[in-house]
Structure formats: structure tokens, C-alpha cells
Amino acid sequence: MQIVIVKNPEEVASYGASIFINQIQSKPDSVLGLATGSTPLLLYKKLIAACQAGTISFNAVASFNLDEYLDLPEEHPQSYRQFMEHEFFKHIDINRSATRVPNGCSEDPWQACAEYEAAIANKGGIDLQLLGIGRNGHIGFNEPSSGLRSRTRIKTLSEATIRDNARFFTAEEQQPTLSITMGIGTILDSKKVVLMATGKHKAEAIQQAIEGPLTAACPASALQMHRDSVVIIDDAAASHLDYADYYRHVEQQNQKLLMKYGKSI
Ligand code: PGA
């Protein structure tokens with residue numbers, strides 16, 4: 001794992017954006033795995049700016065979102081399809097038919113999950129997957145106890161996640177308790193993974209994910225098994241790490257290698 005500790009959310013987003021920009025510049029028809037939540041918002045703003053400045057184009061890009069609520073119509077303001085539309089897609093030149101979010105309103109959600117997996121495979125797999133992390137260590141809606149090799153499926157949201165997401169729903173709105181999410185196995189199949197986290201409230205989950213044991217109790221710890229994962233965090237999210245100084249040192253060495261060879265470890 002590459003662990004990048006920077007000062008604040010702004011720097012987390014800039015570092016993440018540079019990885020996405022490099023990816024799209026080197027492979028214009030990249031397949032991106034995208035995420036919702038508060039954490040990616042600043043990253044999306046930076047990618048929108050890069051697109052509007054002509055630095056990158058999403059014209060040939062395809063995307064797959066991590067998850068969607070079950071039984072929430074696509075048009076519902078809190079659906080993840082709407083989130084992506086408002087926060088990202090409508091501001092960039094992506095071909096809407098190349099954007100996929102799991103279908104939470106299919107008559108046969110099991111079939112919808114299988115089709116989602118097939119659609120990813122048909123595109124040749126995900127080149128670069130963006131992830132946030134829940135306070136309970138979840139990635140996508142893979143809550144603690146999720147199988148480490150799980151595929152896209154229906155998941156029951158944990159009480160902690162329902163509580164954390166309650167802020168988006170009004171008192172009259174029925175908050176969903178089920179979802180469709182890519183599995184941990186699906187995520188691990190991505191060629192590269194970028195996980196971003198900011199704030200003290202994520203510090204415990206980040207410590208468990210990076211330095212804790214590989215365990216279904218902390219789904220993000222599965223990234224320890226990934227060949228090319230980058231965790232980008234701010235000082236607050238890094239505050240519980242035992243080896244933060246070492247990660248900072250490694251990153252300095254990486255920057256030196258980058259200057260000298262144009263490549264890092
Ligand atoms: P957040 O959510 O970015 O809103 O903190 C992350 C997640 O739950 O995966």
C-alpha cells in the first residue's frame with residue numbers, strides 16, 4: 001500500500017485528482033470506478049475544472065459506481081444516480097450511456113447484481129477505483145462481516161451507516177436500509193485503487209484498515225491484499241497511525257525517485 005499523508009482535505013483532493021488526471025491522459029478510454037459521499041466532492045470539483053480547462057476529456061471514459069440504495073427510484077434526490085449527476089456528470093463531457101450505477105429498482109435485484117458484474121467484465125474491468133471509507137471501515141456498502149471475496153450483491157446497511165447517512169434524508173423521507181454494492185472481490189479486481197479519507201472521525205477506521213489485521217470486521221483492510229492501492233489521508237485521519245512517520249518518510253523517498261527516474265516505488 002502507498003500511504004500518502006498530506007495536510008488537509010484540499011491536498012487530499014489534489015493528490016487524488018492528479019492520479020485520475022494521469023490515468024485519463026494515459027488511457028483516454030479508462031474504466032473508472034466512482035464513489036459517492038462527502039469525501040470525493042472536492043476531487044470531483046478538481047476533475048470538473050481540469051475537464052473544463054481542456055486538460056482531460058471524459059468523452060471515451062466509462063464509469064461504474066460502487067453502490068446504490070435498493071428500492072430508491074433513480075429520480076429520488078438522494079439516489080446515488082442523482083448525486084453523480086449533480087456533483088459530477090452534468091459538469092463534464094462524459095457520455096451518459098457509458099455511466100453505470102447499480103440498478104436499485106430492478107424487478108429482480110439479484111439479476112441486476114449479476115448484470116452489473118457482467119457489464120464490468122465486458123468493459124475489461126475497472127482501471128482505477130475511487131473509495132471512501134466509513135467510520136466502521138466499510139468500502140462501498142460492504143459493511144463489517146462482508147466476505148473478502150464478495151461480488152456485487154444486496155447488502156443490509158449497518159445501524160452505524162444508517163445513522164451516518166440520516167443527515168441526507170428529511171424526517172418525512174423513508175431512509176433505505178438495503179443497498180446493492182460491488183463486493184470486496186469486485187473492488188480488489190480493479191487494476192488500481194485510491195482510497196481517500198479526511199478528518200479525525202475517520203482516524204480509527206484508517207488505523208484498522210492500514211495497520212490492523214486483514215479481517216472482514218474492517219472491510220477496507222482487504223486493500224492490504226491489493227497489488228496497487230493508494231491511501232490518501234490528511235493529518236487528522238492519520239492521527240491514530242503507529243507508523244505515520246515511516247509513511248511520511250517513504251513518500252519523501254518516492255518523490256525523490258519520481259524526480260530522478262520519473263517513477264516511484
Ligand atoms: P463520506 O462517506 O465520504 O461521506 O464520509 C464515506 C463512506 O461511507 O464510504
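Every number in this text was worked out from the coordinates using simple rules, so none of it is lab data. Only a predicted model underlies this, so the values are computations on that prediction, with no experimental measurement involved. We place every Cβ from the backbone using ideal geometry, glycine too, and count neighbours over all the protein chains shown.
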One would report the antiparallel percent of DSSP beta bridges in segment 2-261, rounded to the nearest 5, as 25
Considering only segment 1-129, percent of DSSP beta bridges that pair antiparallel, nearest 5: 0
Quick one: length gained pulling Ala160 to Ser97 fully straight, 0.36 nm per residue minus the C-alpha distance? 19.3 nm
Using a Förster radius of 30 Å, what is the FRET efficiency between Phe169 and Gln52 based on their Cβ-Cβ separation? Nearest 0.05, please. 0.40
Alpha-carbon centroids, segment 11-27 and segment 54-124: separation in whole Å: 21
Name the shape class, rounded, prolate or oblate, that the alpha-carbon gyration tensor gives for segment 113-234, where a ≥ b ≥ c are the square roots of its eigenvalues, rounded holds for a/c under 1.5, and otherwise prolate holds if a/b is larger than b/c and oblate otherwise. oblate
Percent of C-alpha pairs per 10 Å bin, segment 2-261, short to long: 7, 31, 38, 20, 3, 0
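My understanding is that a pair violates if its Cα-Cα distance is over 29 Å; which of Lys155/Lys192; Lys45/Lys263; Lys27/Lys200 do that in this structure?
Numbers: Lys155/Lys192 24 Å; Lys45/Lys263 27 Å; Lys27/Lys200 35 Å.
Going by Cα-Cα distance, Lys27/Lys200 fall outside the 29 Å limit.
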